[in-house]
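> Dropping the structure in here first, questions after.
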Amino acid sequence: MPPPPQRRATGRPPRISRADIVAAAHRIVDAEGVARLTMRRLAAEVGSTPMALYHHVRDRDELLVLLLEDYARRIPRPELPEQPRERIVAAALVLHDVLAERPWLVTALATDDLMGATALWIVEVMVDAAMAAGLSAERAVHAYRAIWYYTVGEITVRSAAGRQRASRDRPSYRDEVFASLDPAELPRLAALADRWTALTTVDTYAAGLRALVDGLLPGS
């Protein structure tokens, strides 16, 4: 006589915590990218159901905020220089290094809506230093925003270019365009054509940051 068919286990899914959910979200984002972080994918990762997740997080946006806060708690707080100009540069470099490790954070933060309080000490440092350097509160905020836009733009472009180079199996359109430049029309670019890619992939963030800060603060 054949053995009776095994009955599928029933009952409640395994109990999960918010910490379990955040840890699973980290694994998905680090391995597959933030685009793959959906409530359905997360439920599969923790062995639960999407509905069960909503007892811990309101929606995907709140989940991203939790991730942002978790990453922010890991940001090192170095001893910052006394001189305001150098203090701004040091804080911006910390911000850049953290975001460059995980460019998806830039996409999440660039909405200006997804924000946690843990990393705001970096903003406080930059605004306070700008005011100590002689800017009004309003202009200090504008200076911070200019640095933020520069940082976001640099990371976004560098990250996208890196992905393109990694996946490309032929010369880029840019390479083809530069190879065909007319020296009579664009003499400077034509002379630099064979070095353009190498020159534009050099990491110039720190030098550009210093130039930007010098231009934003009085007494430059």
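> Find all pairs meeting these conditions: Cβ atoms under 8 angstrom apart; at least six residues apart or on different chains; first residue within segment 121-136 and on the phi > 0 side of the Ramachandran plot; second residue open to solvent by less than 40 Å² (accessible area, probe 1.4 Å).
From segment 121-136, the pairs are GLY134/LEU217.
> From ALA211, ALA184, grab the single residue that is out of contact with any Ser or Thr (no Cβ under 9 Å at 6 or more places or on another chain), open to solvent by 60 Å² or more (accessible area, probe 1.4 Å) and not in a helix (DSSP H, G or I).
Result: ALA184 is the single residue among ALA211, ALA184 that is out of contact with any Ser or Thr (no Cβ under 9 Å at 6 or more places or on another chain), open to solvent by 60 Å² or more (accessible area, probe 1.4 Å) and not in a helix (DSSP H, G or I).
> To continue, here is another question. Can you name every residue in segment 193-220 that is within 21 Å of ALA137 (Cβ to Cβ) and free of Cβ contacts under 8 Å to residues at least 40 places away in the same chain?
Within segment 193-220, GLY215, SER220 qualify.
> Still on this structure, please answer the following. Taking segment 2-32 as the search range and keeping residues that are at pLDDT 75 or above and loosely packed, with under 11 Cβ neighbours inside 10 Å, which one is farthest from VAL57 (Cα to Cα)?
Per the stated criteria, the residue is ALA31.
> Now for a different question. Against the conditions (1) open to solvent by 90 Å² or more (accessible area, probe 1.4 Å); (2) at pLDDT 90 or above, where does ARG174 fall short? Just the number, please.
For ARG174, the failing item is (2).
> How about segment 62-93: which of its residues are open to solvent by 40 Å² or more (accessible area, probe 1.4 Å) and in contact with a Lys or Arg (Cβ under 7 Å, 6 or more places away or on another chain)?
LEU80, PRO81
The values are calculated or read from the model by the stated rules, or taken from the named source; none is laboratory data. Just so you know, these numbers come straight off a predicted model, no measurement behind them. So basically every Cβ, Gly included, is an ideal-geometry build from the backbone, and we count neighbours across all protein chains shown. Keep in mind that these areas ignore ligands, DNA and RNA; they rest on the heavy atoms of the full protein, side chains included. Shrake-Rupley method; radii C 1.70, N 1.55, O 1.52, S 1.80 Å.
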